[in-house]
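Beneath this line is the structure, given in structure tokens, with notes to follow.
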Amino acid sequence: MNKSSLFFLLLITFLLSCSSTDGGTNSEDLDNSATILKPKGLYTSSIGNEIALDHPQVKGSLIRVKWSDLEPSAGVYDFTKIEQFRELIKTKNLKWSLGVIAGSSSPEWLTTTIGADYFEITTSDATIKKIPKIWDAIVNERLALLAEALANSYSEDADLVLVYTPQMTANGIEGHFNGVPKEELLTAGLTAENWISSVKETAKIFATAFLDKPIAVEVHDIIGETSIPNQIMTDLWNDPSLDQRVGAAMWWISGKTTYQPNLVNALTNFPGDIYAQAIGRSDQTERFENDDYTSVFEQAKIIGIRYIELWEYEFINNTFPQDFICFNSYTATNFE
């Protein structure tokens, strides 16, 4: 075989291995193997510029909203901020995921009027944040009411394909405290036992409210321990009452294995669904393995991640079009 023939053979093989869908939502974009539709492929992590939604490889978008905006007064709900983005997504014939931001974005009445206990943290960027204690029973009692109200409005929306578990953490959805010393958290009363129990309770609350939706819990090491997030995601996946609907989320995928290496290994060995978000934009090259953004997609395949939210920057600038095609093709093939 001459070099010209070999080149065309390799080209055809490559194109077949990375065959693209048209980017719109179709029967391959969701996995309904257990009658629960689970998303796969590439989503945008926010909607600041709707141009991102027009990219042919975008399957949908995350809608992020603060708990304080959703429930400005106790028992008074306002879903305007969800609706403004949901309507836009629907005009594009796309799917959406819901991320309620709690933590320091919890409503002020939770600790003042209702009396939930809290502590203050100083994050690595010197920001002081007030965090309600998830192990205070009042917090999950109020989250249960919020989950019920949200489910009443959106549980029957077929375009809603993933619901994140709110968390009482530094940014209110990821499971970490952004550089707060272990001693400070222990002094506030956090223990492995009460953290595991309370986060699992929150996840079950949202899974019970959204009975036919996948749920995700974002995981990080807590007080320096991988055993804590590992037990949370393993227990939830193995809970027969949840029918393997509660998966793990990794909002720090970068291609690197030096950050939280034990948790990277735990996720690689985790048998359940894994959802991810890229750690940053591709122009922040230092955040990625060997300054190579495409290492995100390679690591996702190694770990077994079915869904990644990329920052909208990638889709607006069409930064890695062939890698987008390949990852969507990979998920369509491997998560039937």
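As a length-normalised measure over Cα pairs under 8 Å and 6 or more apart, the relative contact order of the stretch 94-239 settles at 28 percent. Each of the peptides 216-224, 46-54 was scored by the mean count of other Cβ atoms within 10 Å over its residues; in descending order, highest first, they stand as 216-224, 46-54. Taking Cα atoms only, the orientation of helix 80-91 departs from the longest principal axis of the chain by about 20 degrees. By the count of neighbouring beta-carbon atoms within 10 Å, fewest first, 131, 138 end up ordered 138, 131.
Seen against the Cα atoms of the chain and their longest principal axis, helix 3-17 is set at about 30 degrees.
All C-alpha to C-alpha distances of the stretch 33-116, sorted into 10 Å bins beginning at zero, yield P(r) values of 16, 39, 27, 15, 3 percent in whole numbers. Close amide-amide hydrogen proximity is noted between residue 162 and 98, each under 5 Å apart and 5 or more residues distant or on a separate chain (H modeled in the peptide plane; Pro and chain starts excluded).
Spacing of the modelled spin labels on residue 186 and residue 257, each 7 Å from Cα toward Cβ, amounts to 3.1 nm.
In order along the stretch 269-276, phi translates into HN-Hα couplings of 8, 5, x, x, 6, 10, 10, 9 Hz, rounded to whole numbers, per the Karplus curve 6.51 cos²θ - 1.76 cosθ + 1.60 with θ = phi - 60° and x for Gly and Pro. For the pair residue 178 and residue 211, label points projected 7 Å from Cα toward Cβ lie 3.8 nm apart. From a point 7 Å beyond the Cα of residue 243 in the direction of its Cβ, which residues of the stretch 209-228 have a backbone N at a distance under 20 Å? Under cut-off, by backbone N: 209-217.
Over the chain, dividing the summed -39,500 (n - 2.57) contributions of all DSSP H runs of at least 4 residues by the number of residues returns a 222 nm mean residue ellipticity of -11000 deg cm²/dmol.
Other residues with beta-carbon under 11 Å from the beta-carbon of residue 223 carry, at +1 per Lys or Arg and -1 per Asp or Glu, a net charge of -3.
Over the stretch 87-179, the ratio between the Cα radius of gyration and 2.2 N^0.38 Å evaluates to 1.24. Label point of residue 125 set 7 angstrom out along Cα-Cβ; within the stretch 271-294, amide nitrogens under 20 Å from it belong to 277-288. Here is the list for the stretch 237-336: chymotrypsin sites (Phe, Trp or Tyr not before Pro) lying in DSSP coil, each with at most 16 other C-beta atoms within 10 angstrom of its C-beta, are 259.
Between residue 138 and residue 79, the C-beta separation translates, for a Förster distance of 22 Å, into a calculated FRET efficiency of about 0.45. In percent, rounded to a whole number, the relative contact order of the chain is 20, using alpha-carbon pairs under 8 Å and six or more apart.
Size check on the chain: the Cα extents along the three principal axes, sorted descending, read 76, 41, 39 Å. Residues of the stretch 236-268 falling in the label zone of residue 292, defined by backbone nitrogen less than 16 Å from a point 7 Å along Cα to beta-carbon, are 254-258.
Since every read-out is calculated from the coordinates, none of them should be taken as a lab result. What you see is a predicted model; the values in this text were computed from it and never measured. Don't worry about glycine lacking a Cβ; one is built from the backbone with ideal geometry, like all the others, and counts go over all protein chains shown.
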